[in-house]
Amino acid sequence: MTGVLAGRTAIITGANQGLGLAIAQAYLSAGANLFLCARDAGKLAAAVDSLRECAAPGQTILGEPADVSQPADVARVVGRASEALGTLHILVNNAGIYGPLGRIEDVEWSDWCGPSRSICWARC
């Protein structure tokens, strides 16, 4: 297998769609083995299957549903990735959450930090 990432292993978070999936596709094309995680198990399985169709012989693509805002999920992903793929070389921390949508002058600070938000910055 050739490519600048041949023989390297990458964990990519938020890899079931959008930018995370595009990064996974680019890393796959560059020869990397991939361990993907995302919260939506169904979309993640579809992404893994799709990427496996494009993998070169010897490339490995694995996925694990996880919420990276939960330390236990992060520990599980790292453990399973290292167990399955050995040395981990790359972390792409792409997972994120959408905040309130709208013009900045129309969105209240409390909309970012209300009880429904799992992440809250200081002074909220």
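Residues in the stretch 35-91 that are in contact with a Cys (Cβ under 8 Å, 6 or more places away or on another chain) and of a type outside the set (Asp, Glu): LEU44, GLY63, PRO65, ALA66, VAL68, VAL77. It is to be established whether one or more residues within the stretch 37-50 are touching a Gly at 6+ places or on another chain (Cβ under 8 Å), more than 21 Å from GLY20 (Cα to Cα) and either surrounded by 15 or more Cβ atoms within 10 Å (Cβ to Cβ) or modelled with pLDDT under 95 (or both). No, every residue in the stretch 37-50 fails to be touching a Gly at 6+ places or on another chain (Cβ under 8 Å), more than 21 Å from GLY20 (Cα to Cα) and either surrounded by 15 or more Cβ atoms within 10 Å (Cβ to Cβ) or modelled with pLDDT under 95 (or both). Does any residue of the stretch 73-81 turn out to be under 22 Å from GLY3 (Cβ atoms) and among the small types (Gly, Ala, Ser)? Yes: one or more hits. Sub-8 Å Cβ pairs linking a first residue in the stretch 53-69 that is within 18 Å of LEU5 (Cα to Cα) to a second residue that is assigned to a loop (DSSP other than H, G, I, E, B), at least 6 apart or interchain, are ALA56/MET1; ALA56/GLY31; PRO57/MET1; GLY58/MET1; GLN59/MET1; GLN59/GLY31; GLN59/ALA32; ILE61/ALA55, ordered by first then second residue. Tell me yes or no: at least one residue of the stretch 107-116 is modelled with pLDDT under 85, outside any loop (DSSP other than H, G, I, E, B) and exposed (fewer than 14 other Cβ atoms within 10 Å of the Cβ). Checking the stretch 107-116: at least one residue is modelled with pLDDT under 85, outside any loop (DSSP other than H, G, I, E, B) and exposed (fewer than 14 other Cβ atoms within 10 Å of the Cβ).
On the basis of being surrounded by 13 or more Cβ atoms within 10 Å (Cβ to Cβ), in contact with a strand residue (DSSP E or B) (Cβ under 7 Å, 6 or more places away or on another chain), at pLDDT 85 or above and not in a loop (DSSP other than H, G, I, E, B), does LEU34 make the cut? Spelling it out, LEU34 is indeed surrounded by 13 or more Cβ atoms within 10 Å (Cβ to Cβ), in contact with a strand residue (DSSP E or B) (Cβ under 7 Å, 6 or more places away or on another chain), at pLDDT 85 or above and not in a loop (DSSP other than H, G, I, E, B).
Here's the yes/no breakdown for (1) modelled with pLDDT of 95 or more; (2) surrounded by 14 or more Cβ atoms within 10 Å (Cβ to Cβ); (3) closer than 14 Å to ALA10 by Cα; (4) charged (D, E, K, R):
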site: ALA56; (1), (2), (3), (4): yes, no, no, no
site: ILE61; (1), (2), (3), (4): yes, yes, yes, no
site: GLU64; (1), (2), (3), (4): yes, yes, yes, yes
site: VAL68; (1), (2), (3), (4): no, yes, no, no
site: ALA72; (1), (2), (3), (4): no, no, no, no
site: ALA81; (1), (2), (3), (4): yes, yes, yes, no
site: THR87; (1), (2), (3), (4): yes, no, yes, no
site: VAL92; (1), (2), (3), (4): yes, yes, yes, no
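Where residues in the stretch 47-102 are part of a loop (DSSP other than H, G, I, E, B) and either touching a Lys or Arg at 6+ places or on another chain (Cβ under 6 Å) or of a type in the set (Asp, Glu) (or both), which of them is nearest to TYR27 (Cα to Cα)? Checked the stretch 47-102; the qualifying residue nearest to TYR27 (Cα to Cα) is HIS89.
The values are calculated or read from the model by the stated rules, or taken from the named source; none is laboratory data. Note that the coordinates shown come from a computational prediction; the quantities given were computed from them, not determined experimentally. Glycine also receives a Cβ, built like all others from the backbone with ideal geometry; neighbour counts cover every protein chain displayed.
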